[in-house]
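The values are calculated or read from the model by the stated rules, or taken from the named source; none is laboratory data. Computed from a predicted structure; not experimentally measured. Neighbour counts run over all protein chains shown; Cβ positions are idealised from the backbone, glycine included. These area figures cover heavy atoms from the full protein model, side chains too; ligands, DNA and RNA do not enter into them. Shrake-Rupley method; radii C 1.70, N 1.55, O 1.52, S 1.80 Å.
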Amino acid sequence: MTILTAESAPRSVASQKEIGKALRGRTTRASHAAWTPGPDRPDPIDLLELQAADRLPHLLPIRYGRMVTSPFAFLRGSAIVMANDLASTPVTGITAQACGDCHLANFGIFATPERNIVFDINDFDETLPAPWEWDVKRLAASLVVASRYRNFKASDARSAALAAVSTYRLAMGAFAEMHTLDVWYARLDVSTILERLTPEMRKRAEKGVEKAKTKDHLQALAKLTEVVDGRRQIIDQPPLVSRLPANDDIAVRLQAAFKAYRRTLPDDRLALLERYKFIDVGLKVVGIGSVGTRCMIVLLEDPTGADSEDPLFLQAKEATASVLEPHAGRSKYRNHGQRVVCGQRLTQAASDIFLGWTNDRAAGRDYYFRQLRDVKGSLDIDIVKPEGIGLWGRGCGYVLARAHARSSAKAAEISGYLGSSDAFDEAIADFAEAYADQTEQDHAALVAAVESGRITAQTGV
């Protein structure tokens with residue numbers, strides 16, 4: 001028999017909100033507006049070089065070459081820098097499962113196992129339990145930095161940040177009032193988004209969705225493979241794709257790690273995966289912040305499939321310690337691939353059916369597996385208009401609130417702290433503008449490091 005004490009007795013949503021509201025006495029909502037780098041702030045280039053020490057050296061110039069192109073690209077690749085900065089900012093003390101690298105390009109559309117198209121967070125390399133405010137601040141800052149990159153008016157940049165934060169606040173309030181299972185089942189279907197758009201915006205969005213639908217395993221097969229001597233294999237396209245011979249040390253170890261990965265799948269997914277035969281493997285450069293980590297693509301085929309080529313492309317991505325760990329504490333998982341997978345399953349509305357983890361024991365490296373392409377789409381920053389980035393920000397704010405509400409039992413306390421006014425929204429918008437200034441300065445420091453020869457950057461790759 002369970003005996004309820006005063007401490008364990010259920011509290012009403014209203015009383016939980018009052019607890020959150022009381023936190024304003026310790027951490028005012030206005031306090032989140034400030035950003036001033038301290039005198040002991042580490043050199044951002046030092047932090048990037050520290051992070052790069054265990055990465056593949058020949059790929060680092062590509063990473064820096066991508067980061068140097070704009071302040072927004074710098075922000076995308078410098079999660080370690082902002083994590084260090086966020087650690088000095090005010091927090092309420094409430095934690096949730098943080099994305100850890102919560103910028104606008106780490107949200108997008110993809111297909112659920114039921115083949116519905118949803119909008120959600122799509123990158124979890126840095127996920128960790130941490131202050132919920134850190135995700136909100138990085139998201140808002142990314143919207144301002146991206147808006148400035150597009151030369152939008154300052155008012156439009158601020159509006160995009162406000163749209164994201166106000167949506168987060170309102171959604172958190174709604175989730176606080178919902179039953180726990182209803183929060184867990186909540187998702188943002190693309191069809192719901194399309195219904196609320198103007199005819200012109202809906203037309204553009206529908207084109208984006210249709211384009212995303214073409215990004216599947218068959219497209220990957222056509223783009224990344226060729227037939228040589230009657231055998232399908234990955235095309236060698238260095239430096240972005242490097243096919244590994246079957247006797248290559250990394251390829252041999254990955255096959256061993258692949259066997260261990262299979263044990264992390266539920267029985268039904270394992271039965272599906274075992275229909276496929278391991279065919280080929282290659283190193284593939286992805287993203288900006290991940291460049292230099294050991295990221296591989298694995299080609300598999302089902303010899304009993306509907307035709308002679310029934311492919312499956314998996315991505316094996318190296319998982320290292322989250323950039324949040326020095327500031328939020330070590331992960332409870334010894335394997336960082338497991339940390340990523342469990343964080344994703346906890347916060348994402350629907351996850352890849354082949355999501356699992358493994359490790360290369362000989363090299364002491366952790367990995368996680370997922371499908372390489374399964375109907376994925378993201379915002380094209382280079383063509384987005386002010387109203388488009390504002391809409392994207394609202395979508396990001398909603399699914400971020402849902403992720404935090406799913407992973408924390410204190411959604412009502414967060415909601416009580418946020419309140420019904422726009423005080424928190426305006427404070428975060430102030431922070432986002434100030435941190436955008438900081439990002440531009442840090443980007444300029446990287447440009448200077450490249451010009452001085454301290455950093456080697458390979459652009460256009």
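Checked across segment 397-407, the condition of being under 27 Å from residue 317 (Cα atoms), touching a residue at least 60 places away in the same chain (Cβ under 8 Å) and surrounded by fewer than 23 Cβ atoms within 10 Å (Cβ to Cβ) holds for at least one residue.
Condition first: open to solvent by 70 Å² or more (accessible area, probe 1.4 Å) and either under 26 Å from the mean Cα position of the chain (by Cα) or at positive phi (or both). Now tell me which residues in segment 216-237 satisfy that. Selection gives 218, 223, 229, 230.
Looking only at residues in segment 70-125 that are open to solvent by 20 Å² or more (accessible area, probe 1.4 Å) and part of a helix (DSSP H, G or I), the one that is farthest from residue 42 (Cα to Cα) is 105.
Can you say whether residue 411 is more than 22 Å from residue 129 (Cα to Cα), touching a residue at least 24 places away in the same chain (Cβ under 8 Å) and of a type in the set (Gly, Ala, Ser), as far as the supplied structure shows? So residue 411 fails the test. Taking segment 20-34 as the range and being closer than 19 Å to residue 134 by Cβ, open to solvent by 50 Å² or more (accessible area, probe 1.4 Å) and in a helix (DSSP H, G or I) as the test, the residues that pass are 24, 30. Residues in segment 233-252 that are charged (D, E, K, R), at pLDDT 90 or above and outside any loop (DSSP other than H, G, I, E, B): 1 in all.
Scanning segment 277-297 for residues that are touching a strand residue (DSSP E or B) at 6+ places or on another chain (Cβ under 7 Å) and of a type in the set (A, V, I, L, M) gives 279, 281, 283, 285, 286, 296, 297.
Residues that are open to solvent by 20 Å² or more (accessible area, probe 1.4 Å) and within 21 Å of residue 215 (Cα to Cα) within segment 350-370 comprise 351, 352, 353, 370, listed in sequence order.
For segment 247-265, a residue qualifies if it is closer than 18 Å to residue 312 by Cα and surrounded by fewer than 14 Cβ atoms within 10 Å (Cβ to Cβ), and the qualifying residues are 255, 259.
One residue stands out among those in segment 307-335 that are surrounded by fewer than 19 Cβ atoms within 10 Å (Cβ to Cβ) and among the acidic types (Asp, Glu): the one that is nearest to residue 133 (Cα to Cα), which is 325. Within segment 418-461, if we keep just the residues that are among the β-branched types (Val, Ile, Thr) and assigned to a helix (DSSP H, G or I), the residue that is surrounded by the fewest Cβ atoms within 10 Å (Cβ to Cβ) turns out to be 447. Scanning segment 35-54 for residues that are farther than 22 Å from residue 431 by Cα and open to solvent by 30 Å² or more (accessible area, probe 1.4 Å) yields a total of 6.
Apart from one condition, residue 340 fits all of (1) assigned to a helix (DSSP H, G or I); (2) touching a Gly at 6+ places or on another chain (Cβ under 9 Å); (3) within 30 Å of residue 274 (Cβ to Cβ); the exception is (2). Considering segment 398-417 alone, what residues qualify as being of a type in the set (Lys, Arg) and not in a helix (DSSP H, G or I)? Passing the criteria: only 410. In segment 86-101, the residues that are under 20 Å from residue 409 (Cβ atoms) form Cβ pairs under 8 Å with partners that are among the basic types (Lys, Arg) and not in a loop (DSSP other than H, G, I, E, B), at six or more places apart or across chains, as follows: 97/406. Is it true that residue 109 is in contact with a Phe, Trp or Tyr (Cβ under 7 Å, 6 or more places away or on another chain), at pLDDT below 95 and more than 25 Å from residue 330 (Cα to Cα)? Judged against the criteria, residue 109 is a match.
Among the residues of segment 266-289, those identified as open to solvent by less than 20 Å² (accessible area, probe 1.4 Å) and of a type outside the set (Val, Ile, Thr) are 273, 280, 282. Taking the listed residues 212, 161, 222, 205, the one that is at pLDDT 95 or above and either of a type in the set (Gly, Ala, Ser) or under 30 Å from residue 457 (Cα atoms) (or both) is 161, with no other qualifying.
Selection of first residues in segment 437-449 that are in contact (Cβ under 8 Å) with a residue 60 or more places away in the chain and of second residues that are crowded, with 22+ Cβ neighbours inside 10 Å and among the polar types (S, T, N, Q), restricted to Cβ pairs under 7 Å at least 6 apart or on distinct chains, gives the following pairs, ordered by first then second residue: 442/78. Please count how many residues of segment 187-215 are open to solvent by 40 Å² or more (accessible area, probe 1.4 Å) and part of a loop (DSSP other than H, G, I, E, B). The number of residues fulfilling the criteria is 5.
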